[in-house]
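Working notes, structure below.
The values are calculated or read from the model by the stated rules, or taken from the named source; none is laboratory data. The shown structure was predicted, so the numbers you read here are calculated from the model rather than taken from an experiment. Glycine gets a Cβ as well: all are built from the backbone with ideal geometry, and neighbour counts include every protein chain shown. Calculation scope for accessible area: heavy atoms of the full protein, side chains included, ligands and nucleic acids excluded. Shrake-Rupley method; radii C 1.70, N 1.55, O 1.52, S 1.80 Å.
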Amino acid sequence: MEKDKFKEQFSGSLSFAFQKVYPEKYAELGRQQVFSADFIYENLEKPRDPAHGRFAFPVFRYGKLLGDKPTDVALKVAREAAAHARSSGPHPDVLTDCIAAGGFINARTNFEMEAGETLDAVLTGRSTYGSSQEGKGRTVLVEYSSPNIAKPFGVGHLRTTILGNSLRRIFRKLGYESVGINYLGDWGTQFGKMIVAWQKWGRGKSGAGETVSDLVELYVKYHQEAEEDPSLDERARQAFKGLEDADPEITDLWETFRDISLAEFKRVYDFMGVEFDWITGEAFLNDKMEAVIERLEKAGLTSLSEGALIVDLKDPQLPPCLLRKADGATLYATRDITGLLYRWDRYHFHEALYVVASAQSDHFKQVFKVVQLLEESEQVPAEERVAERARHIDFGWVKFGEKTMSTRRGNVVLLDDVINQAVELARDKIREKNPDLKSIDETARIIGVGAVLFSQLSVRRQKDVNFVWDEVLNFEGETGPYLQYTHARLCSLLRNYPEKVTPKVEVSKLDREEERRVIELLADFPEAVRDGARNYEPNHIATHLLRLAGAFNKVYQRKDEQGRIDKIISQDGALSAARMALVRSVQIVIGEGLDLLGLKAPQEM
RNA sequence: GCCCCCGUAGCUCAGUAGGAUAGAGCAUCGGUUUCCUAAACCGCAGGUCGCAGGUUCGACUCCUGCCGGGGGUACCA
């Protein structure tokens, strides 16, 4: 990572000042690097309140060390640092201020320089602004969505789908090879039930024209009937056995279910703009588990308990991990262990992320622990260990009023319905606000989907969210459509501006509170992207975009003393050029940011 | 019982590798359109950051205990 020249200069000057003001202490502590430029660089902060400047270095903790009151340390050091910053260091012209404020030393950057460089970086970088090379040569796997075959795609799947889709994009932006994996729930005893239901009440054997809702209907009917007639469950067990034994007729049915579901999932993903690099499923691992079980046995990790094959995790917090039920059938942990090892062989990934609800956190702890024990036992070299590269990216529930959603009872909120409603509402709004818009259908889709996606991204992963129609369908305030609207308005300005936008503008024209704030937020965008990746939390980017959009809208609607709008495009050519460089930059960053979240940015709406 | 997550304004949430007077949106009330898209902007109001201790120069943030909500706790996924 290239050093920020403003921070570099500030930390260099501070280091120099500490040495000058406290020569003995500096010499004494120098060995521990406490006041080295590098140390200070790493410990600089950004004041939350922009009025305090761009960077800050708190000195409280050094008062005791230096035998001086923190406020005095700040005063003395700031004075020397200011003098040094003006005349020496690698970039003697980048700081304008170096002031003590209580126990902080605050630095203000040379605005014109920072503004000029930021605009230049955005305008020349465009879609690459905020990207980096940190992930070069590394692969990150992101497993997300992972719906169950033959079940409806409900809002319960919203978060994993949207979070994972965004994380895949964020890692890609940072130079990683990122592989989106859709690990379908295409195996398990519920297929026995489906098969029985299909054979008993299904319409035809071809599957032509059948939809997922037909399958769900059968599934619901099965559960109703099974209450009366317990023998159905036995037949279902038999049917699943047939599937496991690769009975051709039953396998054929299973493939039919899979095809029906996949076609429908694909339609939803395409509509939402969700992408995958590898669509796989549990069944894919069927023939791979045996070897893994043998490997675990060979490593001496397995034992029999109550007829089941288990791995004792030697951890009082975790129950043993079941590999095989007493009847010999494998379990999902077996499949996940196998899948993780398989993915390592195939990708040699830097990290493997599992975007799965927090209810499964014990499950992933178990899976990762088994792999860790295996690797320890086999003395796998540290750089080839998989366990520590695997991460469960957990998230809270999507709750729906008082009701818990249950496929069996058939009461789920379908993602389809949510999106359709959102798109319809968007269409109504367009007709009301911009009836002349040419691409109403496409724009309504972008906005409706945007509202739904953003509703999941504007909240921290781990919090439970309530699914409230009014909130998901809200297009005002901190929402996706708000960002999209701001983007559209920026595009409108660009259309209305006859000149070419270039970074070579008089940045001093942007030296007002509101513009400065916009520029700082533009400059901080790359950091927001990195934060998002580091915490596996797209929400950081969403929040940053809301701030940026808000800051820009303030500029856009600012009024002068007479109450007249201070227009972006005016008679003053130089001023307009400078403002339009800002406009174009904000448009690029909001557009890029929305792309990282998986939202489209409309030109008009 | 044990383990994990959450608890911030009336509501929904930011702020979490400790840092300066705790920020938004929604809702309420008031204002802004002869002016680049009012899906916007401005203003008023709204707080014992669940409670109690502890660590620290400094705690919404870290530690401990408690309260409240959610989840998990071997043959479902």
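Observations on the model:
- Checking the stated criteria, A:ALA150 turns out to be assigned to a loop (DSSP other than H, G, I, E, B) and open to solvent by less than 10 Å² (accessible area, probe 1.4 Å).
- A:ALA283 passes every criterion in (1) hydrophobic (A, V, I, L, M, F, W, C); (2) closer than 22 Å to A:PRO147 by Cα; (3) not in a helix (DSSP H, G or I) apart from (3).
- Segment A:317-333, subset near RNA strand B (Cβ under 6 Å from one of its atoms) and of a type in the set (A, V, I, L, M, F, W, C), residue least open to solvent (accessible area, probe 1.4 Å): A:LEU331
Each row is one residue, and each column tells you yes or no for (1) in a helix (DSSP H, G or I); (2) at pLDDT 90 or above; (3) near RNA strand B (Cβ under 10 Å from one of its atoms).
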position: A:VAL73; (1), (2), (3): yes, yes, no
position: A:ARG79; (1), (2), (3): yes, yes, no
position: A:HIS84; (1), (2), (3): yes, yes, no
position: A:GLY89; (1), (2), (3): no, no, no
position: A:ILE105; (1), (2), (3): no, yes, yes
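- Looking across segment A:452-500, the residues that are more than 6 Å from RNA strand B (Cβ to nearest atom), more than 22 Å from the chain's Cα centre (by Cα) and open to solvent by less than 40 Å² (accessible area, probe 1.4 Å) come down to A:LEU490, A:CYS491, A:TYR497.
- On the stretch given as segment A:17-49, residues that are part of a helix (DSSP H, G or I) and either within 16 Å of A:LEU95 (Cβ to Cβ) or polar (S, T, N, Q) (or both) total 6.
- Test: A:ARG389 is under 30 Å from the mean Cα position of the chain (by Cα), under 30 Å from A:VAL220 (Cα atoms) and open to solvent by less than 60 Å² (accessible area, probe 1.4 Å): no
- Matching residues in segment A:431-448 - criterion: being open to solvent by 10 Å² or more (accessible area, probe 1.4 Å) and in a helix (DSSP H, G or I): A:ARG431, A:GLU432, A:LYS433, A:ILE440, A:ASP441, A:GLU442, A:ARG445, A:ILE446
- Leading residue by the ranking (nearest to A:LEU323 (Cα to Cα)) among those in segment A:338-366 that are surrounded by fewer than 16 Cβ atoms within 10 Å (Cβ to Cβ), more than 16 Å from RNA strand B (Cβ to nearest atom) and among the charged types (D, E, K, R): A:ASP345
- Filtering segment A:508-516 for residues that are outside any helix (DSSP H, G or I), open to solvent by 50 Å² or more (accessible area, probe 1.4 Å), more than 9 Å from RNA strand B (Cβ to nearest atom) and in contact with a Gly (Cβ under 9 Å, 6 or more places away or on another chain) leaves an empty set.
- Tabulated pairs, segment A:315-334, first farther than 15 Å from A:VAL292 by Cβ and assigned by TED's automatic domain parsing to the domain that holds A:LEU304, second near RNA strand B (Cβ under 7 Å from one of its atoms) and in a loop (DSSP other than H, G, I, E, B), C-beta under 6 angstrom, 6+ apart or interchain: A:ALA326/A:GLY307
- Inter-residue pairs, beta-carbon under 6 Å, first free of Cβ contacts under 8 Å to residues at least 24 places away in the same chain and in segment A:415-434, second near RNA strand B (Cβ under 9 Å from one of its atoms) and in a helix (DSSP H, G or I), 6+ apart: A:ARG427/A:ALA444
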